[in-house]
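The values are calculated or read from the model by the stated rules, or taken from the named source; none is laboratory data. These numbers were taken from a predicted model, which means no experiment stands behind them. Here the Cβ positions follow ideal geometry from the backbone for every residue, glycine too, while neighbour counts run over all protein chains shown. Areas reflect the complete protein model, heavy atoms only, side chains present, ligands, DNA and RNA absent. Shrake-Rupley method; radii C 1.70, N 1.55, O 1.52, S 1.80 Å.
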Amino acid sequence: MKDVTFGQYYPVDSFVHKCDPRMKILFLVGYLVAVFLSADFYGLGACAVVLVLCVAFSRVPVRSVLRSIKGVLFLIVFTAILNLFFYQGETTVVIAGVSLQWGIINITVEGIRFMIFVMCRIFMLVMASAILTLTTTPVSLTDGLESLLTPLKWIRVPVHALALIMSIALRMIPALMDEIDRIMNAQRARGADFSHGGPVKRVKAIIPVLIPLLLSALRRAEELGDAMEARCYTGSQTRTRYKKLTFTWRDPVIGLLCAALIAGVVLMNIYLPPIL
Amino acid sequence: MRAVSFENVCFSYGNEEGAFSLNNINLSVEEGEFVAVLGQNGSGKSTLARLCNGLLTPRSGKITVLGMDACDAANTFEIRKNVGVVFQNPDNQTVASIVEDDVAFGPENIGLPREEIGRRIDFALSAVGMEAYRNATPARLSGGQKQRIAIAGVLAVMPKVLILDESTAMLDPRGRKEVMDVVLRLNKEKKMTVLFITHFMEEALLADRAFVMHRGEIVMRGAPREIFSRADELETYSLSLPAVGQICRKLRQKGFPVAECLQPEELAKEIERCAFRQNI
Ligand SMILES: Nc1ncnc2c1ncn2[C@@H]1O[C@H](COP(=O)(O)OP(=O)(O)OP(=O)(O)O)[C@@H](O)[C@H]1O
Ligand SMILES: [Mg+2]
């Protein structure tokens, strides 16, 4: 269980890995905007091209990128079915003389097109986010977020403290995983059964694990707080940073790519004949 | 200069006046000394350590650390820069998920420039012999390695006084020896003052001086050998001699004429000497 880390960083050396995390986060935001701006398949096509480029330059195996779809498969199927059944289209599909319309359910040609459109959209959103987490360590993600959120310091948001909390939480995950293992084994030794019975019974069996876990997490937090204070942590603004994020030539490149994508999508929306 | 001095220090965790966790403690540790602190569970060793760097403040009495008054909150930051404390469980001391970043935490807190932080990391990691693990993940290191990283994290602040609160308790004999070697070397080479809290008598034997604590008081103090020569008194405080010392005592009780010794080599020599004499 030790190897479970948040996110799913895939450690290889690539163009995308070397980009600055701040730029990657901005790129992702820009990409999401482009996907949502796309009013038709043209725009999505352009987004898909950029996505393929990203995967190619990240040197992450396509299979690993695709795997992240699993988590949202249900969401995709659900939205697809909703759209398929309830889209307000005009031409009802007729198969072998049977018109596919029962009550409020009405499967139309437009509905099917729109369903495919929505599925592509969600698919691309998930893929793009997956590439970010696959190519960026959690630590540089938090660093990047902290740096991007720096302006919030002006309205007194404790950005640095929040980033520190996040990175400590990330670093505590393996320790807590171990702890869960340990507690579950201790409970098993006392006759607890986690793998049989219905869902209610299983959830009930988990409760005696959660309480010691919570207590031990609190105890840890207290010790960690002491250790941090002993190492001169005061939460003051005079704190310096060892790792500094630096932009390289790669970052303007992907920045321009992102801007071009959004501009392209807008132009396509205006000038190309709609399919949907 | 005195590294640490306590004058009539009393401390209690609760608000009631009755039960003191530390009761009228007087001690002084000179700069460059290596002092071991012994005592059974709950005798107040950790409390003592926490008082030294301002994590706790005493009820009454005076604590002076490197000439600074530890009870004055204005000195706390300066004191923490100079007094590093390594705790027992390395898992609860690391803040980052990469060794380098974790070691950098202390220097970052005292606001050092980047280049200097880099040098401090080099220094601290080489002091504990972990240069090769600069980019490793602490969660995947062994206990001894983790503890050495925790020590490096404290060393990177370059404290003048290093306090280790049972920092070897979770380690196997080899890990304990590794940590002990690092600490001894820092003491000898860098003249670092060391306060070494431990339950292992063998480790205490290597110190210049030792304190024995019992129910919040310092009940014995002196050179470790001198303290271990008072085995019966130690026993009343629920402590025992190092294993070799116990064997020696048993042998002497059986009438075997070995001299009192505390280290394996000494005992081996003694037994050899006695056996040799009996053969003649
Ligand atoms: N956070 C706390 N709150 C209340 N009482 C405490 C707290 N920590 C310790 N004590 C009490 O203070 C006394 C001294 O505790 P301390 O932790 O200093 O002992 P110790 O010598 O370090 O023991 P050990 O060998 O188990 O680490 C004990 O009687 C303990 O019950
Ligand atoms: Mg203790």
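If you go through the stretch B:49-56 one residue at a time, do you hit one that is away from ligand 2 (no atom under 16 Å from the Cβ) and either away from chain A (no Cβ under 12 Å) or not basic (K, R) (or both)? Spell out how you get there, then give the answer.
Filtering the stretch B:49-56 for residues away from ligand 2 (no atom under 16 Å from the Cβ) gives B:54.
With the extra rule that they be either away from chain A (no Cβ under 12 Å) or not basic (K, R) (or both), the set shrinks to B:54.
Checking the stretch B:49-56: at least one residue is away from ligand 2 (no atom under 16 Å from the Cβ) and either away from chain A (no Cβ under 12 Å) or not basic (K, R) (or both).
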B:G129 is checked against (1) assigned to a helix (DSSP H, G or I); (2) open to solvent by 30 Å² or more (accessible area, probe 1.4 Å) and fails just one. What number does that condition carry?
-> (1)
Of the conditions (1) touching a residue at least 24 places away in the same chain (Cβ under 8 Å); (2) part of a loop (DSSP other than H, G, I, E, B); (3) within 11 Å of chain A (Cβ to nearest Cβ), the single one that B:A136 does not satisfy is (3)
Only one residue in B:F34, B:F20 is open to solvent by 30 Å² or more (accessible area, probe 1.4 Å), more than 16 Å from ligand 2 (Cβ to nearest atom) and among the aromatic types (F, W, Y), so which one is that?
-> B:F20
Search the stretch B:153-172 for residues being touching a strand residue (DSSP E or B) at 6+ places or on another chain (Cβ under 6 Å) and not in a loop (DSSP other than H, G, I, E, B), and hand back the single one that is farthest from B:L48 (Cα to Cα).
-> B:V154
Do you know which residues across the stretch A:33-51 are open to solvent by 50 Å² or more (accessible area, probe 1.4 Å), of a type in the set (A, V, I, L, M) and touching a helix residue (DSSP H, G or I) at 6+ places or on another chain (Cβ under 7 Å)?
-> A:V33, A:L37, A:A39
Would you say B:I63 is open to solvent by less than 30 Å² (accessible area, probe 1.4 Å), facing chain A (nearest Cβ under 10 Å) and over 18 Å from the mean Cα position of the chain (by Cα)?
-> no
Of the numbered conditions (1) more than 14 Å from chain B (Cβ to nearest Cβ); (2) of a type outside the set (A, V, I, L, M); (3) open to solvent by 40 Å² or more (accessible area, probe 1.4 Å), A:D181 satisfies every one except a single condition; which is it?
-> (1)
Residue count for the stretch A:230-260, restricted to those that are surrounded by 13 or more Cβ atoms within 10 Å (Cβ to Cβ), within 9 Å of another protein chain (Cβ to nearest Cβ) and charged (D, E, K, R) | 4
From (1) within 14 Å of chain A (Cβ to nearest Cβ); (2) farther than 29 Å from B:R59 by Cα; (3) within 16 Å of ligand 1 (Cβ to nearest atom), pick out the condition that doesn't hold for B:L164.
-> (2)
Among the residues of the stretch B:187-222, write down those that are more than 15 Å from ligand 2 (Cβ to nearest atom), in contact with an Asp or Glu (Cβ under 8 Å, 6 or more places away or on another chain) and under 19 Å from B:S167 (Cα atoms).
-> B:T193, B:V194, B:D208, B:R209
Any idea which of (1) over 27 Å from B:P224 (Cβ atoms); (2) hydroxyl-bearing (S, T, Y); (3) within 16 Å of ligand 2 (Cβ to nearest atom) is the one B:S46 doesn't satisfy?
-> (1)
Over the stretch B:25-61, the set of residues near ligand 1 (Cβ under 10 Å from one of its atoms), touching a Ser or Thr at 6+ places or on another chain (Cβ under 8 Å), closer than 29 Å to B:S240 by Cα and part of a loop (DSSP other than H, G, I, E, B) is B:Q40, B:G44
Mind checking which residues of the stretch B:155-185 are more than 16 Å from ligand 2 (Cβ to nearest atom), surrounded by 16 or more Cβ atoms within 10 Å (Cβ to Cβ) and of a type outside the set (A, V, I, L, M, F, W, C)?
-> B:P159, B:K160, B:G175, B:R176, B:E178
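If you check B:G84, B:G111, B:G14, which single one turns out to be assigned to a loop (DSSP other than H, G, I, E, B), more than 16 Å from ligand 1 (Cβ to nearest atom) and either touching a residue at least 12 places away in the same chain (Cβ under 8 Å) or not aromatic (F, W, Y) (or both)?
On the way: B:G84 fails: assigned to a loop (DSSP other than H, G, I, E, B); B:G14 fails: more than 16 Å from ligand 1 (Cβ to nearest atom).
Selected residue: B:G111, the only one of B:G84, B:G111, B:G14 that is assigned to a loop (DSSP other than H, G, I, E, B), more than 16 Å from ligand 1 (Cβ to nearest atom) and either touching a residue at least 12 places away in the same chain (Cβ under 8 Å) or not aromatic (F, W, Y) (or both).
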Tally time: how many residues in the stretch A:191-229 are of a type in the set (V, I, T) and surrounded by 12 or more Cβ atoms within 10 Å (Cβ to Cβ)?
-> 2
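In the stretch B:189-201, what residues are buried (at least 20 other Cβ atoms within 10 Å of the Cβ) and not hydrophobic (A, V, I, L, M, F, W, C)?
Just the residues of the stretch B:189-201 that are buried (at least 20 other Cβ atoms within 10 Å of the Cβ), to begin with: B:192-198, B:201.
Within the stretch B:189-201, B:T193, B:T198 meet the criteria.
Would it be correct to say that B:A74 is free of Cβ contacts under 8 Å to residues at least 12 places away in the same chain, surrounded by fewer than 18 Cβ atoms within 10 Å (Cβ to Cβ) and within 16 Å of ligand 1 (Cβ to nearest atom)? First the steps, then the outcome.
Details: free of Cβ contacts under 8 Å to residues at least 12 places away in the same chain: yes; surrounded by fewer than 18 Cβ atoms within 10 Å (Cβ to Cβ): yes; within 16 Å of ligand 1 (Cβ to nearest atom): no.
For B:A74, the condition - free of Cβ contacts under 8 Å to residues at least 12 places away in the same chain, surrounded by fewer than 18 Cβ atoms within 10 Å (Cβ to Cβ) and within 16 Å of ligand 1 (Cβ to nearest atom) - is not met.
The rows are residues; the columns are (1) in contact with a helix residue (DSSP H, G or I) (Cβ under 8 Å, 6 or more places away or on another chain); (2) open to solvent by 40 Å² or more (accessible area, probe 1.4 Å); (3) more than 29 Å from B:P138 (Cα to Cα).
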{"position": "B:N24", "(1), (2), (3)": "no, yes, yes"}
{"position": "B:K45", "(1), (2), (3)": "no, no, no"}
{"position": "B:G54", "(1), (2), (3)": "yes, no, no"}
{"position": "B:M68", "(1), (2), (3)": "yes, no, yes"}
